[in-house]
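Report on the structure given below.
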2 protein chains.
Amino acid sequence: MGNHVWVRFPPPAPLNPARPVKFCSHCGQPVTLRTPEGDHLPRHVCEACGTIHYQNPKLVVGCVPEYEGRILLCRRAIEPRHGYWTIPAGFMENGETTQDGARRESREEALAEVEIGTLLAVVHVLHADQVHVMFRARLPEPRFGAGAESLEVMLCEESAIPWQDIAFRSVDFALRRYFEDRRRGLEEHHFTSLDYRRRTT
Amino acid sequence: MGNHVWVRFPPPAPLNPARPVKFCSHCGQPVTLRTPEGDHLPRHVCEACGTIHYQNPKLVVGCVPEYEGRILLCRRAIEPRHGYWTIPAGFMENGETTQDGARRESREEALAEVEIGTLLAVVHVLHADQVHVMFRARLPEPRFGAGAESLEVMLCEESAIPWQDIAFRSVDFALRRYFEDRRRGLEEHHFTSLDYRRRTT
């Protein structure tokens with residue numbers, strides 16, 4: 001058994017928006033942290049109105065859009081990882097499917113209308129309480145541009161991918177699996193987990 | 001363009017625990033509903049401390065455990081759909097993978113230690129703001145029993161599945177794809193969407 005230190009990479013602040021629940025969002029009274037009857041985990045419970053405030057992982061949805069062999073990448077205009085490269089991706093909204101969300105993020109971040117294809121990657125980002133779901137996608141026309149959250153957007157050959165400047169490890173994972181599968185003529189899906197909550201020293 | 005009526009099936013109350021956000025969970029002040037600058041959707045915003053309270057879909061994770069050709073089913077001891085049959089499934093918790101969650105639910109609801117296999121189904125339950133992720137699974141030994149949330153648990157041949165008494169449409173979808181694929185000797189994954197928010201009359 002070693003010691004554990006908390007390592008955070010990338011900085012989780014805006015990616016993990018969970019702030020401590022101190023007050024009931026329903027009635028405004030202070031909450032307590034306890035395990036409700038019949039449950040097995042501590043929850044934020046409002047003793048005034050009885051509401052239990054569950055916290056669950058959030059879904060991030062994205063895609064790898066391809067046009068004539070090249071991949072659409074966006075350079076981030078926002079934190080975290082400002083200035084680093086990523087694929088179109090973001091938090092899934094209520095009322096949409098995972099594919100809808102990936103399409104919407106392509107529109108918002110890259111001003112691109114993509115056709116979502118097969119499932120590429122599911123990444124459990126345990127240190128951020130997120131599940132990243134990435135699809136293959138097709139960009140039918142080379143029309144794109146920098147949305148409000150992007151500094152620039154480019155179509156990029158595999159040999160020119162800026163691997164040292166990819167914003168997130170989940171994106172690195174998705175891109176590597178994308179190119180490996182493409183080389184083999186396959187479209188498989190790939191699960192993995194990232195966990196920077198603690199590291200044994 | 002027809003008229004829209006709101007149809008709710010199954011009853012979404014406990015499945016969709018989202019209650020209206022009236023107060024800031026961080027500082028306890030009343031929130032307002034508005035679109036923050038740079039955003040495109042209305043959010044619950046605390047004008048006192050600046051916190052934006054996003055609401056996102058929740059993940060439900062489950063599996064279809066098989067033992068010598070038979071499937072493990074649980075009869076629900078809780079609402080919604082008390083007395084109806086389902087597979088082990090429930091809300092994913094922070095700090096676990098989707099596979100971890102499916103394994104945990106099998107333990108809790110069916111007192112069964114399963115080995116999670118391939119991805120079977122992803123169901124967007126749009127009326128409940130949920131994404132259901134179901135896996136194939138193997139029950140290595142016929143050891144199981146009714147957990148606190150189950151009335152009874154059984155191993156069931158395909159020909160004996162109580163199709164009329166399956167608790168949720170997402171479970172019906174997962175089971176049908178499971179048997180179809182098994183007959184064809186395949187293990188594919190299947191996406192679908194359910195939307196009972198409104199129906200054109």
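The values are calculated or read from the model by the stated rules, or taken from the named source; none is laboratory data. The model shown is predicted, which means the values in this text are computed figures rather than measured ones. Here the Cβ positions follow ideal geometry from the backbone for every residue, glycine too, while neighbour counts run over all protein chains shown. These area figures cover heavy atoms from the full protein model, side chains too; ligands, DNA and RNA do not enter into them. Shrake-Rupley method; radii C 1.70, N 1.55, O 1.52, S 1.80 Å.
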Sort out which residues of region B:139-168 are closer than 16 Å to residue B:179 by Cβ and in contact with a strand residue (DSSP E or B) (Cβ under 6 Å, 6 or more places away or on another chain), and write them in order of number. B:155, B:156, B:157, B:162, B:166
Might you check whether a residue that is within 26 Å of residue A:196 (Cα to Cα) and in a helix (DSSP H, G or I) occurs anywhere in region A:111-127? yes
Filter result (crowded, with 21+ Cβ neighbours inside 10 Å, of a type in the set (Phe, Trp, Tyr) and touching a helix residue (DSSP H, G or I) at 6+ places or on another chain (Cβ under 6 Å)) within region A:144-185: A:144
Spans of strands (runs of 3 or more DSSP E) in region A:24-92 with at least 2 residues within 14 Å of chain B (Cβ to nearest Cβ) and within 26 Å of the chain's Cα centre (by Cα): A:43-45, A:58-67, A:89-91
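So is residue A:174 within 15 Å of the chain's Cα centre (by Cα) and of a type in the set (Gly, Ala, Ser) or not? Full working, then the answer.
Numbers: within 15 Å of the chain's Cα centre (by Cα): yes; of a type in the set (Gly, Ala, Ser): yes.
Yes.
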What are the residues in region B:136-175 that are charged (D, E, K, R) and over 24 Å from residue B:187 (Cβ atoms), if any? B:143, B:149, B:152, B:165
Counting only residues that are in a helix (DSSP H, G or I) and open to solvent by 20 Å² or more (accessible area, probe 1.4 Å), which one in region B:93-106 is farthest from residue B:119 (Cα to Cα)? B:104
Residue B:137 crowded, with 17+ Cβ neighbours inside 10 Å and either assigned to a helix (DSSP H, G or I) or touching a Phe, Trp or Tyr at 6+ places or on another chain (Cβ under 7 Å) (or both): no
Scanning region A:187-201 for residues that are within 14 Å of chain B (Cβ to nearest Cβ) and over 19 Å from the mean Cα position of the chain (by Cα), the one most open to solvent (accessible area, probe 1.4 Å) turns out to be A:198
